[in-house]
1. Classify the stretch 7-157: rounded, prolate or oblate, from the alpha-carbon gyration tensor (a ≥ b ≥ c, eigenvalue square roots; a/c under 1.5 rounded; otherwise prolate if a/b is larger than b/c)?
2. Taking the Cα centre of the stretch 7-157 as origin, sum charge times position over the Cβ atoms of Lys and Arg (+1) and Asp and Glu (-1), and report the length of that vector in debye to the nearest 20.
3. Within the stretch 42-75, which residues have the backbone N less than 13 Å from the label spot 7 Å out from Glu163 along Cα→beta-carbon, could you tell me?
4. Around Ser119, what is the net charge, scoring Lys/Arg as +1 and Asp/Glu as -1 over all other residues with Cβ under 15 Å from its Cβ?
5. Round to the nearest 0.05 the FRET efficiency obtained for Asn46 and Ile18 when R0 = 22 Å and r is the Cβ-Cβ distance.
6. Based on DSSP, what percent of beta bridges with both residues in the stretch 7-157 are antiparallel, to the nearest 5?
7. Extension gain Arg69-Val113, at 0.36 nm per residue separation less the Cα-Cα distance, in nm?
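Since every read-out is calculated from the coordinates, none of them should be taken as a lab result. Since the structure is predicted, the reported quantities are computational estimates derived from the model, not experimental observations. Ideal geometry is used to build each Cβ from the backbone, glycine not excepted, and the neighbour counts take in all protein chains shown.
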Amino acid sequence: MPQQWYPECGSSANVCSIALRIDYCASSILFTGDAEALEEADLTINAPVTLLQVGHHGSKTSSSPGAARTREPEVCRHLGRPAGEGTNLTYCHPRKETVDAMTAVLGGVGSGVIHTFPSTASCSASTSAARWVDEPASDRLWVTARDGDVVLTTTGDGTFLRE
């Protein structure tokens, strides 16, 4: 661990992720960085948000369903790489359980699917390729691995449009 990290971070810099809430008229976004569920639960920012960035790339220690429900998001966004690419060879994000939980928070399954990795499976570069599964997901759960760069605009009216 680099010396510049605070001692409270322990062995994981994710514990000290910076969260940022942006409010613009009736639109709001909560960026959780790489925070995991326990750190996200400690945030004092529990008011509803229009858009929630799912914490820690949708990992099994990612945003908890309870914290997400408290924030009542209209849309969730997940940052991650495609299966079998780069760091996803050994991290395998997003996890199926996280996608299922965020889909439930957003009101249920839509017409799309997201390539996920089961939390019960072991993730390693040599064995992960065969374990990825397509999981039905909410149309309001945007994933960079599937959707590419997600560019959003708002006029502050409480809605976000994808460009």
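1. Working: a/c = 1.84, a/b = 1.27, b/c = 1.45.
Oblate, since a/c reaches 1.5 and b/c is not below a/b.
2. On the way: 11 positive and 18 negative charges, 61 e Å.
Roughly 300 debye, rounded to the nearest 20.
3. Counting backbone N atoms under 13 Å from the label point, the list is empty.
4. Numbers: positive: Lys60, Arg95, Lys96, Arg131; negative: Glu36, Glu97, Asp100, Glu135.
It works out to a net charge of 0.
5. Values: r = 17 Å, r/R0 = 0.78.
Approximately 0.80, to the nearest 0.05.
6. Numbers: 10 of 19 bridges.
Counting DSSP beta bridges with both partners in the stretch 7-157, the antiparallel share is about 55 percent.
7. Working: separation 44, 0.36 × 44 = 15.84 nm, distance 2.14 nm.
Once the chain is fully extended between Arg69 and Val113, it gains 13.7 nm.
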